[in-house]
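Taking it in order: structure first as structure tokens, then the write-up.
The values are calculated or read from the model by the stated rules, or taken from the named source; none is laboratory data. Predicted model, so just to flag it, every value in this text is computed and none were measured. Counting neighbours? That spans all protein chains shown, and the Cβs are built from the backbone with ideal geometry, glycine included. With ligands, DNA and RNA removed, areas are computed over all heavy atoms of the protein, side chains included. Shrake-Rupley method; radii C 1.70, N 1.55, O 1.52, S 1.80 Å.
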Amino acid sequence: MTAPALSKDVHPRFDHPGLHELIAPRDPLWTPRELRELTSSVAADFRTRLVEVVRFASPQRWWTQLAVTDEVELWLLSWLPGQGTAPHDHGGAAGSFTVLFGDLSETYRYPSGPIREHQHAEGASIGFGQGRAHQVRNLGQVKAASVHAYSPPLVPTREYATLRDVPDEIPTLPAPRLAGFSGLAG
């Protein structure tokens, strides 16, 4: 019996053996620590390409998918001063982000836990588990960009009016299958 083929899609500017090695299959999914190491490595190893690719848009933020496999998705996001997300969770996916440049403010909460805030400066990386809800914003005066990863991939996010509305348990949302996926943005 043969193993099923790995579904993989990589942004043309990042179709590089180094990235393919970084996103090699894990069994079964990536841990927050592995995701943090991935975003940190991508931000460091591909910094020049990332800076060349990143764009800024208003009023909606800009983003592009760098890669997606059966186990992980990787994104590049930009943040003009004042831009941010609504409070949201990642539907049961673990995640990570690394600040490529600029500074980002994160307000976060785990179910039944206190609301906390943290500033992430250039080069900072954070990995988080499945139950975290957060809001990420650029509260500074300069542009920012960040590299994000989630596992499992392509799980829908759930938005909240405020982080106080996060339920005592964040149920996992189903992830779509990747067969035939080829929808890279930007």
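Observations, loosely collected:
- Computed magnitude of the charge dipole of the chain (debye, nearest 20; Cβ of K, R +1, Cβ of D, E -1): 360
- Net length available on complete extension from A121 to V142 is 6.4 nm, with 0.36 nm assigned per residue and the Cα-Cα distance removed.
- Here the chain is treated as an ellipsoid with the same Cα gyration tensor; its semi-axes, largest first and in whole Å, are 25, 21, 14.
- Low-density loop positions, chymotrypsin sites (Phe, Trp or Tyr not before Pro), region 50-143 - DSSP coil, at most 15 other Cβ in 10 Å: F56
- The residues E71, E159, E122, sorted by heavy-atom accessible surface at 1.4 Å with ligands and nucleic acids left out, run E159, E122, E71 from largest to smallest.
- The value for region 104-163 of Rg(Cα) / (2.2 N^0.38 Å) is 1.19.
- For region 1-133: accessible area per residue (Å², 1.4 Å): 47
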